[in-house]
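The values are calculated or read from the model by the stated rules, or taken from the named source; none is laboratory data. Since we're looking at a predicted model, the values are computed, not measured. We place every Cβ from the backbone using ideal geometry, glycine too, and count neighbours over all the protein chains shown.
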Amino acid sequence: MTRLSCEKAVGQFFAYLDRALAGEALADLEAHLEACLSCCDKLAFSRQLDDFVKARLPEDTLPAGLEARIRRALSRQAAEP
Amino acid sequence: MSGGGGETVDQRRRRLEALALPYLGDLYRVAVRLTGRSQDAEDLVQETYIKALAAFPALREPDRIRPWLLKILGRLVLDRHRAPAREVAVGDLAELDRFSLYDLVWDEDPLPYSDNLHRDFLAQFPDDDVRRALLALPEVYRVPLVLLYVEELSYRDLADALGCPVGTVMSRLHRARKILERELWDCAKRRGFVRGGEA
């Protein structure tokens, strides 16, 4: 086994998925994943959950009048003494 | 450089409009995902531009105006909801860090005939439940997560946008996902997808 415990490995999954791990931390986690099937499954679920939530973020088209509304608000603001 | 010299407020407004309004769609996209409501998103975006007009002379790198606007928007959401109760509402942090939706689903095995238990478990949730779970996140967790999901910012850029250290971004993004997992588990119990054994 590697130096990293499963608990510590799991604690770094999101940073790993977000590409925020580097150097020794990244090497340790990757070494752990090579040896631990259970953590691989948990990591796959974390990735699946991220993709699942991202795909369900609310979509909305830009309201037609919003740019005009903001231009008016900025003009009013600029006209204030 | 922005501002300075003999620039009038109206000249500043016109320069801001020329530089910043091309990003209106991007800001609205983030805002609607942060607020969950079109009207709230419109108000938030308008407030962002008003704030940007006042802060425009301090903008040192006009070619970085897009992240600068996103930073203003994110901080407006955080400042608006700077209520200690929302931090406390997530409960015991050590317990939250240990929460595992994967383990709970595995242990309960609510879909015994599934050949991909976790995928099929997630597939049961209507889209609105997932959006509600996201909106249930306190802003301090929701803002970095939405910026990460929508803008794919690095931790360093998130730290800059939110005005906090990279380590704080890391722990907030970890906890944001853990709270989401917990919200989905609670939702699964309410909908009867699971019996609801505790971790």
Task: Checking A:ALA20 against (1) of a type outside the set (Asp, Glu); (2) more than 16 Å from the chain's Cα centre (by Cα); (3) surrounded by 15 or more Cβ atoms within 10 Å (Cβ to Cβ); (4) at the interface with chain B (Cβ under 9 Å from one of its Cβ atoms), the condition it does not meet - done: (2)
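Yes or no: B:GLU17 assigned to a loop (DSSP other than H, G, I, E, B) and not hydroxyl-bearing (Ser, Thr, Tyr)?
When the stated conditions are applied, B:GLU17 does not pass them.
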- [ ] Confirm whether B:ALA176 is closer than 15 Å to A:ALA15 by Cβ, surrounded by 19 or more Cβ atoms within 10 Å (Cβ to Cβ) and in contact (Cβ under 8 Å) with a residue 12 or more places away in the chain.
- [x] yes
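Can you tell me which of B:LEU147, B:LEU162, B:LEU135, B:LEU184 is buried (at least 19 other Cβ atoms within 10 Å of the Cβ), within 11 Å of another protein chain (Cβ to nearest Cβ) and either farther than 26 Å from A:LEU37 by Cβ or touching a residue at least 12 places away in the same chain (Cβ under 8 Å) (or both)?
After applying the criteria, what remains is B:LEU184.
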Task: Any hit, segment B:116-127, residues being outside the structural domain of B:ARG66 (by TED's automatic domain parsing), touching a Lys or Arg at 6+ places or on another chain (Cβ under 6 Å) and touching a residue at least 60 places away in the same chain (Cβ under 8 Å) - done: no
TODO: Restricting attention to segment A:24-36, report how many residues are within 14 Å of chain B (Cβ to nearest Cβ) and surrounded by fewer than 18 Cβ atoms within 10 Å (Cβ to Cβ).
DONE: 2
Open item on the list: Going residue by residue through segment B:45-58, is there one that turns out to be in a helix (DSSP H, G or I), farther than 20 Å from B:GLY163 by Cα, in contact (Cβ under 8 Å) with a residue 40 or more places away in the chain and more than 9 Å from every other protein chain (Cβ to nearest Cβ)?
Closed with: no
TODO: Quickly run through segment B:94-123 and pick out the residues that are within 12 Å of B:TRP185 (Cα to Cα), more than 23 Å from the chain's Cα centre (by Cα) and among the polar types (S, T, N, Q).
DONE: none
TODO: Check segment B:17-36 and report whether any residue there is crowded, with 19+ Cβ neighbours inside 10 Å and among the polar types (S, T, N, Q).
DONE: yes
Open item on the list: It is to be established whether one or more residues within segment A:20-42 are modelled with pLDDT of 95 or more, over 23 Å from B:VAL105 (Cα atoms) and basic (Lys, Arg).
Closed with: no
TODO: Using the structure shown, decide if A:GLY23 is at positive phi and of a type outside the set (S, T, N, Q).
DONE: yes
